[in-house]
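See below for the structure under consideration.
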Amino acid sequence: QVQLVESGGGLVQPGGSLRLSCVASGITFSSYLMSWYRQAPGKEREFVASIPSVGFKKNYSDSVKGRFTISRDNAKNTVYLQMNSLKPEDTAAYYCYAPRIGSWGQGTQVTVSS
């Protein structure tokens, strides 16, 4: 049974930073591309970033490029999203996603507000 469990969300002021984590179980984590998506209230879920199983070709949406960094630790079955220079428009529920499996985490809420 595949499980993706996100953590690390919270309330942060504009300009602040957060690091999200997603721990995977039930899969050979190192074999899979992993990604982060987010969904703001009243909006569709949108792609944020992805990281391949091997190699260095990370992808980012234009809205987060230069501010967010995706990384992974295959020994810990964990993918991270380091978010810097946060803006109010980054407020959303953030989800971990394994596209080849089609599994989503439960999400973690990020709120950027003063």
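The values are calculated or read from the model by the stated rules, or taken from the named source; none is laboratory data. Note that this is a predicted model, so its numbers are computed, not measured. Cβ coordinates were reconstructed from backbone atoms using ideal geometry, including for glycine residues, and neighbour counts include every protein chain displayed. Accessible surface areas use protein heavy atoms only, side chains included; no ligands, DNA or RNA. Shrake-Rupley method; radii C 1.70, N 1.55, O 1.52, S 1.80 Å.
Could you count how many Lys pairs in the chain have their Cα atoms under 25 Å apart, skipping same-chain pairs fewer than 8 positions apart? Intermediate values should be presented prior to the final figure.
Values: Lys43/Lys58; Lys43/Lys65; Lys43/Lys87; Lys57/Lys65; Lys57/Lys76; Lys58/Lys76; Lys58/Lys87; Lys65/Lys87.
Lysine pairs satisfying the spacing and distance rule in the chain number 8.
Run the accessible area of the chain with a 1.4 Å probe and give the carbon-and-sulfur part as a rounded percent. Answer for the chain: carbon and sulfur cover 47 percent of the accessible area.
The simple spin-label model puts a point 7 Å past each Cα toward its Cβ; for Gln3 and Asp73 those points are separated by 1.9 nm. Each principal axis of the chain carries a Cα extent, and these read 40, 27, 23 Å when sorted largest first.
When Ile70, Ile27 are compared by accessible area at a 1.4 angstrom probe, the order from most to least is Ile27, Ile70. For segment 1-94, chymotrypsin sites (Phe, Trp or Tyr not before Pro) are listed when DSSP marks them as loop and at most 12 other Cβ atoms sit within 10 Å of their Cβ; the list is Phe56. Residue separation of Glu89 and Thr111 scaled by 0.36 nm, minus their Cα-Cα distance, works out to 7.0 nm of gained length.
Between Lys58 and Thr28, 0.36 nm times their residue separation minus their Cα-Cα distance comes to what?
Working: separation 30, 0.36 × 30 = 10.80 nm, distance 1.97 nm.
Full-extension gain reported as 8.8 nm.
For segment 48-100, the set of trypsin sites (Lys or Arg not before Pro) satisfying both a DSSP loop assignment and a count of at most 16 other C-beta atoms within 10 Å is given as Lys57, Lys58, Lys65, Arg67, Arg100.
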